[in-house]
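The values are calculated or read from the model by the stated rules, or taken from the named source; none is laboratory data. Since we're looking at a predicted model, the values are computed, not measured. Cβ placement follows ideal geometry from the backbone for every residue including glycine, while neighbour counts extend to all protein chains displayed.
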């Protein structure tokens, strides 16, 4: 009989400290709610990733066979043997690039233009002129090859080329190679 009051007291103490309560769930990862049914959705997502640092949505837009190809002149300037890579490394590099909030893009321009639209594959050219929050000027030309599968677009290939050289200007590819 003496055991019953002790067990009741023990259950109140343990119940009060939430020992058996379920833990709070982790905050949801912010991923895009875009459907990517238009190639414009992919381009807006790239802008969003680089301006907000919302890198989890990058994996939603990259095709399994994604391939990045940076300019060989950037590679030579950096003495970097790696100027090409696939989706896994693209995710890692982008996370590293944008982990420093001062390096996120604050100004995008000008816009991209379609070079070819074959229905299920699109090639876009973006002669970009970007500015990071730390005032670094990013300038060059990127070609984006997109493919539509089951009504949804994916980024298959990103080819980046420098347009202008100078100490205060770097290309998007060079910025990526610096983080590889």
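Could you list all residues from the stretch 61-72 that are surrounded by fewer than 16 Cβ atoms within 10 Å (Cβ to Cβ) and in a helix (DSSP H, G or I)?
72
For residues in the stretch 94-147 being assigned to a loop (DSSP other than H, G, I, E, B) and surrounded by 14 or more Cβ atoms within 10 Å (Cβ to Cβ), which is nearest to the chain's Cα centre (by Cα)?
It comes out as 104.
Does the stretch 152-170 contain any residue that is within 15 Å of residue 47 (Cα to Cα), part of a strand (DSSP E or B) and more than 17 Å from the chain's Cα centre (by Cα)?
No: the stretch 152-170 contains no residue that is within 15 Å of residue 47 (Cα to Cα), part of a strand (DSSP E or B) and more than 17 Å from the chain's Cα centre (by Cα).
In the stretch 152-180, how many residues are modelled with pLDDT under 95 and either over 11 Å from residue 70 (Cα atoms) or in contact with a helix residue (DSSP H, G or I) (Cβ under 7 Å, 6 or more places away or on another chain) (or both)?
18
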